[in-house]
Amino acid sequence: MTRIEVGEAVAQLEASLEFRSTEGYPFDPLSAHWRLSKDVSFWLDLPENLCPLTRTGFRSALARYAQEFCPLSVATLLGYFRKYLRDTGASQVTTSGLANWRAILTKKHESYLGSLKSFLVAWHDYGYDGVPDEVVELLKGWRIVGFEKGLAVSSGCPDLGPYTDLELGAILDWANTAFAKKEIDIEEFAFLLTLAMTARRTVQIAALRGKDLISDARASPPTHRLNIPRAKQRGNKFRASFRSLVIPEDLHSLLALLHARNVEAVSSAIGGPIEPSLADEIPIFANIGELRHVTNLKQLAELLLGVMPDKLHATTAFLRDKLKRCQNLCSAHSERTGGRVRITATRFRYTRGTKLRREGFDAFIIAEALDHSDIQNVSVYTENTAQEAGVINALVGPRLAPFAQACMGKLVASERDAIRGGDPNSRVPNDKGHAVGTCGFNAFCASGFRACYTCSYFQPWIDGPHDEVLDSLYVEKERVRAAGCADVVVNANDQLILAVEHCVAMCADARAKSQVRGLLGGEGID
């Protein structure tokens, strides 16, 4: 037999064995299409001029890789190998071909070769044909620039980097209001809050199940935890390992409510109740379309506990679309750019790492909080000591306020123009007992007058004594600073200060417009 025939025979023998991805999905190495998870599938179309021996070796090596590495890494490597073949026109892996490709790649994209290098060395070590010894010797002698990690963090990029405290506060304020007004659904709200409060990757949040929500009512006060599946660890199966994280009661209740909705959807599809142990396995972020196709308990158990346990979970693409919709609707503004805040999942992770570093935590704590297995990827936080969050004071506050647009209420000319203006109980007094506006909320609220300035139900009066509120906030801030408190405590009310500054500026602008209209014979305000 020729070497090509031997290679094909080996490939056929391996194809007769059962191959499974790290997510548990069976796949055929000889197939033209591989599905390795609910999120990752691809066609193995390679150039026709590719040497048959190299083609066979590549398939075999990639199949081994798919059993050890996450599906996304496998798909990425396939893309890099295709790019090598396309850019160079090569029909096999050679030292000259790789040298030519390195010369073609820009510094920014040399990391492609770095990623492919590891795969080519592994391909050779597996013993499959296609990667000669001289290629491995060449690759091991090369020092290749990797991905430039953490640039958005180290540069403090206002569009891609970590959020300031003010920006994060503005996003959460908007999300709470949007959910209360039913502008976003429970899934969108829950996903956004989970990103913000756990700093975990989308793929990890998508893997959550009801059983991951844990409460300890015996603790004082009661504690709530979330067991979050780990991701990106070599050889790690779907939901094979976890890290537990303390979460606020509000987030715990929201996720429990979302899970209960999914259990109800399955129960409705099956036409009967589901035993608690199986109900606990139902995803929190579910693929509702797949859930509704479940017809009986046996099928449900097979899908949740069988060979493809991620099938009923929401895809990462679906959750990214949910986040994109939040981005399109979000009215939160950045005090740095004056524009709307850009919402991405990675920015919440950057924010958590940056905040922990600012508060003095070391690399090991930051790595644990971001679910890294080691500290090699957190140096961008520990080495960067710049203060990203601007410190608000009496000089810069008025300048930043119009950009932040933090006051969420609707200005009214007087009490009689407000919703519930005829109800004396709707008046909002400041700490001196002077009314500053009207509350348009028809239920009980115990938040206090300060919270009103960031509430969409608040109707500040144009001639209300908002300066009194602002002065008291600045006095309090200086008192806390003089007491030697940490910056995180000193700046705790910066979002509120900007909101009151914004309100003061809007009132001044409205009064100026009213005076102009009075001189011109007009009346009223915008």
Of (1) under 21 Å from the mean Cα position of the chain (by Cα); (2) farther than 30 Å from Phe19 by Cβ; (3) of a type outside the set (Asp, Glu), Pro283 satisfies all except one. Which? (2)
Go through (1) closer than 24 Å to Trp174 by Cβ; (2) small (Gly, Ala, Ser); (3) in a helix (DSSP H, G or I) one by one and return the number of the condition Ser267 breaks. (1)
In the set Leu255, Leu245, Leu208, the lone residue that is under 29 Å from Val74 (Cα atoms), surrounded by 13 or more Cβ atoms within 10 Å (Cβ to Cβ) and touching a strand residue (DSSP E or B) at 6+ places or on another chain (Cβ under 8 Å) is Leu208
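Only one of Thr346, Thr337, Thr354, Thr316 is under 22 Å from Ile171 (Cα atoms) and assigned by TED's automatic domain parsing to the domain that holds Gly210. Can you tell me which? Working first, answer last.
Values: Thr346 fails: assigned by TED's automatic domain parsing to the domain that holds Gly210; Thr337 fails: assigned by TED's automatic domain parsing to the domain that holds Gly210; Thr354 fails: assigned by TED's automatic domain parsing to the domain that holds Gly210.
Among Thr346, Thr337, Thr354, Thr316, only Thr316 is under 22 Å from Ile171 (Cα atoms) and assigned by TED's automatic domain parsing to the domain that holds Gly210.
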Residues in the range 32-54 that are over 22 Å from Gln204 (Cα atoms) and either aliphatic (A, V, I, L, M) or free of Cβ contacts under 8 Å to residues at least 12 places away in the same chain (or both): how many? 8
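Conditions tested, residue by residue: (1) part of a helix (DSSP H, G or I); (2) in contact with a helix residue (DSSP H, G or I) (Cβ under 7 Å, 6 or more places away or on another chain).
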{"position": "Thr54", "(1), (2)": "yes, no"}
{"position": "Ser60", "(1), (2)": "yes, yes"}
{"position": "Arg64", "(1), (2)": "yes, yes"}
{"position": "Leu77", "(1), (2)": "yes, yes"}
{"position": "Phe81", "(1), (2)": "yes, yes"}
{"position": "Arg86", "(1), (2)": "yes, no"}
{"position": "Ser91", "(1), (2)": "no, no"}
{"position": "Ser96", "(1), (2)": "yes, no"}
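Being touching a His at 6+ places or on another chain (Cβ under 7 Å) and over 15 Å from Leu470 (Cβ atoms) is the filter here, so list the residues in the range 403-421 that pass it. Quick ask: steps written out before the conclusion?
Let us first name the residues in the range 403-421 that are touching a His at 6+ places or on another chain (Cβ under 7 Å), namely 403-407.
Result: Phe403, Gln405.
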Could you check the range 464-505 and list, in sequence order, the residues that are in a helix (DSSP H, G or I), exposed (fewer than 15 other Cβ atoms within 10 Å of the Cβ) and either among the β-branched types (Val, Ile, Thr) or modelled with pLDDT under 85 (or both)? Val475, Asp487, Val488, Val489
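Filter the range 409-461 for residues that are among the hydrophobic types (A, V, I, L, M, F, W, C), within 17 Å of Leu498 (Cα to Cα) and out of contact with any Gly (no Cβ under 6 Å at 6 or more places or on another chain) and give the result. If you could, list the steps in order and put the result at the bottom.
Applying the first criterion (among the hydrophobic types (A, V, I, L, M, F, W, C)) to the range 409-461 yields 411-413, 418-419, 428, 435-436, 439, 441, 443-446, 449, 451-452, 455, 458, 461.
Those still in the list that are within 17 Å of Leu498 (Cα to Cα) too: 411, 436, 449, 451-452, 455, 458.
Answer for the range 409-461, where residues must be among the hydrophobic types (A, V, I, L, M, F, W, C), within 17 Å of Leu498 (Cα to Cα) and out of contact with any Gly (no Cβ under 6 Å at 6 or more places or on another chain): Leu411, Phe449, Ala451, Cys452, Cys455.
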Which ones in the range 411-429 are of a type in the set (Lys, Arg) and surrounded by fewer than 15 Cβ atoms within 10 Å (Cβ to Cβ)? Arg416
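Residue-by-condition table, conditions (1) at pLDDT below 90; (2) surrounded by 14 or more Cβ atoms within 10 Å (Cβ to Cβ); (3) not in a loop (DSSP other than H, G, I, E, B):
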{"site": "Glu290", "(1), (2), (3)": "yes, yes, yes"}
{"site": "Val294", "(1), (2), (3)": "yes, yes, no"}
{"site": "Met308", "(1), (2), (3)": "yes, yes, no"}
{"site": "Lys322", "(1), (2), (3)": "no, yes, yes"}
{"site": "Cys326", "(1), (2), (3)": "no, yes, yes"}
Does at least one position in the range 32-41 carry a residue that is assigned by TED's automatic domain parsing to the domain that holds Glu18, at pLDDT below 95, surrounded by fewer than 17 Cβ atoms within 10 Å (Cβ to Cβ) and assigned to a helix (DSSP H, G or I)? no
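Confirm whether Ala301 is part of a helix (DSSP H, G or I) and under 25 Å from Thr198 (Cα atoms).
When the stated conditions are applied, Ala301 does not pass them.
If I filter the range 310-320 down to residues being in a helix (DSSP H, G or I) and not hydroxyl-bearing (Ser, Thr, Tyr), which single residue comes out as surrounded by the most Cβ atoms within 10 Å (Cβ to Cβ)? Spell out how you get there, then give the answer.
Looking only at the range 310-320, we keep the residues that are in a helix (DSSP H, G or I), and these are 316-320.
Filter once more, so that each one left must be not hydroxyl-bearing (Ser, Thr, Tyr): 317-320.
Working: Ala317: 12, Phe318: 20, Leu319: 22, Arg320: 14.
It comes out as Leu319.
The values are calculated or read from the model by the stated rules, or taken from the named source; none is laboratory data. Remember, it's a predicted structure, so these values are computed and weren't measured experimentally. Cβ atoms come from the backbone with ideal geometry, glycine included; neighbour counts cover every protein chain shown.
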